[in-house]
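Working notes, beginning with the structure itself.
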Amino acid sequence: MEVSNEVYQAPGDTQAGFIRITDNNDTVLSSVNIVFQVFEDQTTVSAETSTIYLDTVDKTIEEVNKKFEPLNANLADNKQKVSDLAETVNNYESIISKNYPSDKLQTMSLSMTYNENEPDRYSKVLKRYTDVAQSITLVNMVNISSDTASDVTSSSEGILQQAITDAKTLGYKIAMIKPHVGPNRNDGFAKFKYKPDNVDNFFAQYREMLLLQAKLAVNNSIPVLCIATELNQLISQTYMPQWQTIVQEIRDTYPTLKLNVAVAGAYDKTQQLIYSLTDYVGINWYPEYTYQLIKNVEDIPGDTELSQGLLNYHSNNSENPEGLPDLNTFTIAAQKYQKPIWITETGVMPHSDGLNQLITEHSQDGEMYEISAAALRVFFNNLVPNAEVVGISWWHGQEPFNLAPIDTSSAKTIAEQTWQTLERKYNANGQIN
């Protein structure tokens, strides 16, 4: 049955036809009238389809949709942000688990010094600790002709390569190569006071020295180069352009090499600017643990008392006018520059006053390696849990900060045994990951 479209244009009840009811022989048994109502709007009905166009409904739906559009957009945006955040967290967790394993260090190394003036001493130190330390920081002495000279003379590439080879042949991993400047290669020189008489000449020659050391590091799979050790007078804002030029050249030439710096104390904020160029907040730090003079082993305070001394220690007020504990100062610097902390030097002399001052006045009392062992325990057990600290280079394998007498015949000292215990506990393979 079809009804013309015109019928549907007049609102009201409309009788449009009827339905016949027949039997199997097509005999009409009955009929049913068909009546439908035409509403006042646009309505199209056919036998095949029916589509209703109600303007008010369409407009209402459109208005509602428009009101929900910003909300839907915000929901979609927030959903994407949540997804992005989840991905970022997962990435950070992956990085942390890989590079900062829980209660582990990226590197734990024992410092050993190659000095062209006394190569045999270096050989003896290497041999002494072969069964003790897995990883070393290779210090090498760089000569200047006087306390204020600007001439910088490194050992030759061949000599330094041999020093590296000697260490690796004995099974050591080298965590960092670390040049030290000193007149006549004297490491007792107060480097933090050094002011060369010709700064331009100094930086020109120092650049050549660092490029050589960078080359040796990369060629020998040494992951880190320390670009300066305690040159505090030369890392202020005044000299940042020179450092920026040198660092950029090293990074361009050796892009995989990580850079460190060993600042003496790092209390002066202007001397912290160098951290903007390096991969670590590197600090040489020699804290005091107690005010006591240790006359015998029984006098050594317990680890809890020594820990309090370490954690509360701050340098004199002229260097640290705010009076903050040193560790707080270091942590603030790490957070400011978004770099992890590497303690590039720390240690004690194994003498009765070793826990309360840097340079002993009681060397005549003989060596007491229990003092070194106590300092090792307390330092590592307190600093490793600090999430900012990823590296510790202990000073030193040789006298006067030694962990043992430099001969190969005596049994392992308590300090060497403590080093081994801590290495098993904390060290992440003695190497930067």
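Brief remarks on what is shown
- Considering residues of region 407-424 that are modelled with pLDDT under 90 and touching a helix residue (DSSP H, G or I) at 6+ places or on another chain (Cβ under 8 Å) only, the residue most open to solvent (accessible area, probe 1.4 Å): T408
- Residues of region 122-149 that turn out to be over 26 Å from L422 (Cβ atoms) and either open to solvent by 10 Å² or more (accessible area, probe 1.4 Å) or basic (K, R) (or both), as a count: 5
- Residue selected from region 353-373 under the condition modelled with pLDDT under 95 and hydroxyl-bearing (S, T, Y), by the criterion farthest from Q271 (Cα to Cα): S363
- The set of residues from region 235-273 being open to solvent by less than 40 Å² (accessible area, probe 1.4 Å), at pLDDT 95 or above and part of a helix (DSSP H, G or I) comprises M240, W243, I246, V247, I250.
- Residues of region 360-406 that are touching a residue at least 40 places away in the same chain (Cβ under 8 Å), outside any helix (DSSP H, G or I) and open to solvent by 60 Å² or more (accessible area, probe 1.4 Å): P385, A387, P400.
- Residues satisfying the stated conditions in region 119-163, i.e. part of a helix (DSSP H, G or I) and touching a Phe, Trp or Tyr at 6+ places or on another chain (Cβ under 6 Å): Y122, A163
- Count of residues meeting criterion [in a loop (DSSP other than H, G, I, E, B), more than 13 Å from V348 (Cβ to Cβ) and aliphatic (A, V, I, L, M)] in region 282-298: 1
- Those residues of region 155-187 which are within 19 Å of I136 (Cβ to Cβ), surrounded by 14 or more Cβ atoms within 10 Å (Cβ to Cβ) and small (G, A, S), in sequence order: S155, A163, A167, A175
- Residue in region 337-352 that is open to solvent by 80 Å² or more (accessible area, probe 1.4 Å) and assigned to a helix (DSSP H, G or I) present: no
- Summed over region 395-424, the residues that are in contact with an Asp or Glu (Cβ under 8 Å, 6 or more places away or on another chain) and within 15 Å of T107 (Cβ to Cβ) give a count of 1.
The values are calculated or read from the model by the stated rules, or taken from the named source; none is laboratory data. Small disclaimer: the values here were computed from a predicted structure and weren't measured. Positions of Cβ are generated from backbone atoms using ideal geometry, with glycine treated the same way; all protein chains shown enter the neighbour counts. Only protein heavy atoms, including side chains, enter the accessible area calculation; ligands, DNA and RNA are left aside. Shrake-Rupley method; radii C 1.70, N 1.55, O 1.52, S 1.80 Å.
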